[in-house]
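Only one structure is covered here, and it is reproduced in the block below.
The values are calculated or read from the model by the stated rules, or taken from the named source; none is laboratory data. These figures come from a predicted structure and were not determined experimentally. FYI the Cβ positions are ideal-geometry reconstructions off the backbone, even for glycines, and counts take in every protein chain you see.
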Amino acid sequence: MVAVAQCAGCTCRELQPAAQGTRLLVASNVAHSLAAVRRACRHAGGAVVTPEPGMVELVTDDVTGLLHVLAKELTSVERDEVRVLVLPDPDPEPGQDNRPGSVDPWALAAGALRAPTLAQLDARSRHCDLASLLADELAHFYSVYQPIVRLEDAAVVGHEALLRASGPTGTVMPDTMFAAAAEAGWIHMLDRIGRTTALLGAEGWLADDLLFVNFVPTTIYRPEVCLHTTERAALDAGLRLDQLVFEITESEEVHDLDHLARLFSYYKAKGCKVALDDLGSGFSSLNLMVQLEPDVVKIDRETVQRLPGKVATAIVGAIVDIGRAGGTVVLAEGIETAEQASAARDLGVELGQGWYFGRPALRTTHASELASRRGAATAAPEPAALQSMYTVDPAVATRAALAR
């Protein structure tokens, strides 16, 4: 067996909230940004030290207040570029120099490299509720699963895992979590949690069905290292790699197509399948389909829900034709009516997903584990969807068959 590098000590494993202290180290490659930082600190009554070129050390009795001042003083572009490290105030040992500007420059440089940007630090103060969830991921995060059916006979062939969190006021949905994590610089950690939670939650019930798992490609620097935890989670859950379909949504901007192609190649080399989500929502989607040659493409719900309209029919038909030429399976998501299911099937779409076939839900074995892990009183169920073991309702299957 080939050894896989251990992913440790990076942003997908460590939560890095703001530390406490009275000193800030601010680093930037832009001289006028540092000048603005110095002015803002002096205006707020703080002291300024310049330990090294490209850095300033700020001393204040109110770190939080100074951070708010800096966030207002700097432009949004500067906030995304300037990095801020909150220096702790250790108890000085006898003979130790703990005055401002006395920190070893190499230690300052290393700290600055790992420091969050000012924008991220400001976001962390606003999203401290997410930090408390991330700090104890096993207690708060879980996956719900939505069935994916074969349109020909409405038989269940797979399930998409959708991340949820149990917060103090109820269920936290992924759009809220991922938006906050992106602002705060925690997206790598949340994406890793999403992948591993999806896999571990499928233990014991998936049988031979496919499992669709979402991922954010920009969180994966080097797949043979960054995806180690994903592979390990699949092994721990007793899942075969050929059951896994890793999908990227087209809403994720693709700035480096070569990197995405490398990720797809890595997954395929491991025996997994890859999918493009939200196809049809932009002109670039068909281009990605041709260049990346995914195993599965998912047509976005907005297009599917316009079926059997003329424009939607033309778009879906084009995707099906390209899919057939490249051996790609086409899936229509967001199906809510028999008419939409029938129209998609008649156009050659092989798979379907949506409330018409089943809503996202916890599975029985996973629900029991969650209840014992965090206590039934604190569980936040998926609204109106926390049924025990779901299958496609026979009545739904009958409706789908009649719609043909």
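Quick notes
- In region 254-266, the residues that are part of a helix (DSSP H, G or I), free of Cβ contacts under 8 Å to residues at least 40 places away in the same chain and of a type outside the set (Lys, Arg): LEU257, ASP258, ALA261, PHE264, SER265
- The listed residue being closer than 26 Å to ALA261 by Cα, surrounded by 14 or more Cβ atoms within 10 Å (Cβ to Cβ), in the same structural domain as ALA275 (by TED's automatic domain parsing) and modelled with pLDDT of 50 or more, out of VAL304, VAL330, VAL290: VAL330
- Within region 159-203, restricting attention to residues that are touching a His at 6+ places or on another chain (Cβ under 9 Å) and not in a helix (DSSP H, G or I), the residue that is modelled with the lowest pLDDT is GLY167.
- Filter result for VAL274 (of a type outside the set (S, T, N, Q), in contact with a helix residue (DSSP H, G or I) (Cβ under 9 Å, 6 or more places away or on another chain) and surrounded by fewer than 17 Cβ atoms within 10 Å (Cβ to Cβ)): no
- Of the residues examined, GLU382 is not one that is modelled with pLDDT of 95 or more and not small (Gly, Ala, Ser).
- Considering only residues in region 22-59 that are closer than 16 Å to ARG79 by Cβ and part of a loop (DSSP other than H, G, I, E, B), the one that is modelled with the lowest pLDDT turns out to be ASN29.
- Any chance GLY194 is within 23 Å of VAL296 (Cβ to Cβ) and in contact (Cβ under 8 Å) with a residue 12 or more places away in the chain: yes
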